[in-house]
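The structure under discussion appears below in the form of structure tokens.
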Amino acid sequence: MPRTRIKICGLTREADVAAAVEAGADALGFVLWAGSARHVSVERAAALASALPPFVTPVLLFVNAAADEVARAVQALPQALLQFHGDESPEACVSAAAGRPFMRAARMAPGIDLIDFAHRYHAAQALLLDTHVEGFGGAGKVFDWSRIPPNVPRPVVLSGGLNPANVTDGVLTVRPWAVDVSSGVEAAKGVKDATLMRRFCQAVFEADALIAQRLEDA
């Protein structure tokens with residue numbers, strides 16, 4: 001069975017980048033939206049990402065960014081995966097990505113048809129499912145995972161209020177392709193806690209081990 005990938009988002013400091021990599025993260029997110037407390041400039045994101053080893057992917061998070069803003073960020077970090085987290089249409093995502101791989105965030109508002117959403121954003125490599133709150137981002141809140149249909153036709157990245165205490169349940173319940181965490185491993189906004197990041201990753205590894213054991217016992 002494929003293991004659950006781990007993305008830690010909202011990195012702003014070199015020490016946190018190093019600690020996240022050491023903990024076992026597969027991807028690190030850099031927020032390029034000025035409305036976030038975890039915002040970094042393109043130049044800062046590029047400097048932070050320059051310390052990443054092979055096979056750890058930088059992810060650039062945009063919210064309703066202009067195409068030229070996306071293009072400038074991609075030029076600075078050509079190895080990055082893009083994440084569109086605003087109100088971008090399928091056409092806007094494809095146009096701004098310009099052939100680059102991207103994820104599309106789905107804010108789990110009441111009544112959202114995730115299957116239809118996945119079909120409309122079929123060009124996305126994955127759908128990142130986040131809690132629907134005022135503004136953008138999940139505000140550290142968990143949504144009802146039972147609202148995720150079992151047959152979403154795109155890889156699912158589970159987000160929204162995850163932390164070391166609940167991510168095992170999230171992996172066991174949803175069986176996502178990946179999980180995404182930000183505030184759940186922070187000491188303060190934009191300041192990660194190395195111990196919490198290590199505990200989060202370990203909880204994901206333990207969930208994968210439980211799934212593998214259940215499959216072996218079945």
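Here are some notes:
- When ARG154 is tested against (1) assigned to a helix (DSSP H, G or I); (2) without any contact (Cβ under 8 Å) to a residue 40 or more places away in the chain; (3) within 17 Å of the chain's Cα centre (by Cα), just one condition goes unmet, and that condition is (1).
- Taken as a whole, the structure places GLU69 among residues that are acidic (Asp, Glu) and surrounded by fewer than 19 Cβ atoms within 10 Å (Cβ to Cβ).
- Residue match in the stretch 122-131 (condition: in contact with a Cys (Cβ under 9 Å, 6 or more places away or on another chain), at negative phi and of a type in the set (Gly, Ala, Ser)): yes
- Residues being assigned to a loop (DSSP other than H, G, I, E, B), surrounded by 13 or more Cβ atoms within 10 Å (Cβ to Cβ) and of a type in the set (Gly, Ala, Ser) - total across the stretch 75-102: 2
- Condition met for VAL59 (open to solvent by 20 Å² or more (accessible area, probe 1.4 Å), modelled with pLDDT of 95 or more and under 19 Å from the mean Cα position of the chain (by Cα)): no
- Subset of the stretch 42-52 that is outside any helix (DSSP H, G or I) and closer than 12 Å to GLN79 by Cα - its residue that is least open to solvent (accessible area, probe 1.4 Å): LEU52
The values are calculated or read from the model by the stated rules, or taken from the named source; none is laboratory data. It should be emphasised that the depicted structure is a prediction, and the values quoted were computed from it without experimental measurement. Please note: Cβ atoms are built from the backbone with ideal geometry, for glycine as well, and neighbour counts cover all protein chains shown. The area values use the complete protein model at the heavy-atom level, side chains included, leaving out ligands, DNA and RNA. Shrake-Rupley method; radii C 1.70, N 1.55, O 1.52, S 1.80 Å.
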